[in-house]
Structures are given as structure tokens and as C-alpha cells.
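Comments concern the structure below.
The values are calculated or read from the model by the stated rules, or taken from the named source; none is laboratory data. As the structure is a prediction and not an experimental result, all values here were calculated from the model. With ideal geometry, Cβ positions are generated from the backbone for all residues, glycine too; neighbour counts draw on all protein chains shown. Calculation scope for accessible area: heavy atoms of the full protein, side chains included, ligands and nucleic acids excluded. Shrake-Rupley method; radii C 1.70, N 1.55, O 1.52, S 1.80 Å.
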Amino acid sequence: MPQVTLSALITGLRTGTALASFPTDTVPALAARPDRAPAVYATKQRDFQKPLILMGSQPADLWPYVDDRAGDLGQWQAIAQDYWPGALTIVLPAQSDRLPPMNDILGPTRSIGLRVPACEVAKAILAQTGPLLTTSVNRSGQPPLRTIADINREFPELLTLSPDEVAAMGDSEVGSGEPSTVVRWGPTGWAVLRQGAIQFLG
């Protein structure tokens, strides 16, 4: 699919008629409305047991998707204040009724990874679409694609922005190239699941 305007990309995501790719501070995202998760897995040829990340424009957009029956929200918010926007994904208990009833999204632990990216293009899109399920743009097992030209060639069905439009919004199309650091909340506090772009100090 040809490169489109920002408004057309947002419309495609909001209506669920298309998947899209846009820059983030790490690697470009493959993104979809939460109820379009099966299409993301099909596009990537990804194992359904590998989770996706729910990305939002600000922390307040993501808290409705978590289950705070244990009263830990204050600790989660403190970490978000320290690290977001940024390359930290925090894995928290999920509010299952806000997401499709699919184990491939929540996994056996019924948890969801959340992130607010430090990228103006991504935040501008997410502010208008609401939280989106995201992953890197690549076939499963292959390196993430980093340029719009490569994404257009390998995934012509995805909506993308032109490099000029991305640059006009003050961002790069490629990001750092490093994945986000992933931490999970548990009974004993935070555990690092993946060391990525930033050092997590807890």
C-alpha cells in the first residue's frame, strides 16, 4: 500500500480496516487496534504464544487495562513517572475484559506489557487512536526492519508515513535500533525479563 498522510493512517487504525507501521524510539512498530491482534500475528507469521505490547500516548491511557486488585497501582505509576516516555516495557496483571479473550495476547500469566514511547510521531498517532497492540516490523525470526523503504518493500499492505512527513514531525524513521528493556511486576517486586535500551534501576 502506498505511503499515506497522517490522518489516513490514523483513520485506518481507528476503524480497524488496516494495520500500520510507524516510528518509535526503539524500532518501528507494527500496530493494530487490540481486536485486530490476529491480523498482526498472521502478518508477522508469529507464534501465538509470544505476547504483544500495548502502547499508549501517556500513562493514563494504559492504566484502565491493568488489574489493580492488590493495590499496587501507586508503585507502577512511580516507575512510569521515572521511565516514561521511554524504552521501558512494564508487564503487569491485565484487566482481561478490556482486551480480546486470547491467550496469545495475555499469555498464561494473564499479564500485558505496556509502554509509552519517547517518539513524537508515535505519541501523536496514539493520542488519536487510543492504545494499540504493537510489535516490531519483521517476519518472525528475522531482524526488525528499520527504514520505511524496507517496510514498504517487505510489507506493502501496511500503512506508512513518508520519511519527509516523519522528519517534519521532528523524529527519525529508524529509532535507536535497540529493543525496549522489559520488566515484570511480581510478589517480590520488579524482575528484568529483557535487558534492552535502558538500564532499569527499580
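The computed mean projected area of the Cα convex hull in nm² for the structure shown corresponds, within [x] 21.3; [y] 10.2; [z] 18.3, to [y].
Residues with beta-carbon under 12 Å from that of Val174, excluding Val174: net charge, scoring Lys, Arg +1 and Asp, Glu -1?
Values: positive: Arg146; negative: Asp25, Asp150, Asp171, Glu173, Glu178.
Local net charge: -4.
For the pair Gln195 and Gln45, the difference between a 0.36 nm per residue extended length and the Cα-Cα distance amounts to 51.5 nm.
Between Ser162 and Ser7, the simple spin-label model (points 7 angstrom out along Cα→Cβ) gives 1.6 nm. Amide H to amide H distances under 5 Å link Val27 with Gly177, where only residues 5 or more positions off or on other chains count and H is placed in the peptide plane. Under 18 Å from a point 7 Å along the Cα-to-Cβ line of Asp35: which residues of the stretch 108-152 have their amide N that close? Residues passing the 18 Å test: 129-134.
Given +1 on the Cβ of Lys and Arg, -1 on the Cβ of Asp and Glu, and no further charges, what dipole in debye does the chain carry about its Cα centre, rounded to the nearest 20?
Values: 16 positive and 19 negative charges, 100 e Å.
Dipole size: approximately 480 debye.
Only bridges with both residues in the chain count here: give the DSSP antiparallel percent, nearest 5. If you can, show how the numbers build up before the last one.
Working: 20 of 28 bridges.
Within the chain, antiparallel bridges account for around 70 percent of the total.
State the Cα centre-to-centre distance between the stretch 2-41 and the stretch 168-202 in whole Å. Comparing the Cα centres of the stretch 2-41 and the stretch 168-202, I get a distance of 21 Å. Accessible surface area normalised per residue over the chain is 45 Å², counting heavy atoms of protein chains with a 1.4 Å rolling probe. Annotation: amide H-H contacts under 5 Å for Thr89 (H modelled 1.01 Å from N, sequence separation of 5 or more, or interchain): Thr181, Val182, Val183. For Thr188 and Asp97, a Förster radius of 35 Å and the Cβ-Cβ distance give a FRET efficiency of 0.80, rounded to the nearest 0.05.
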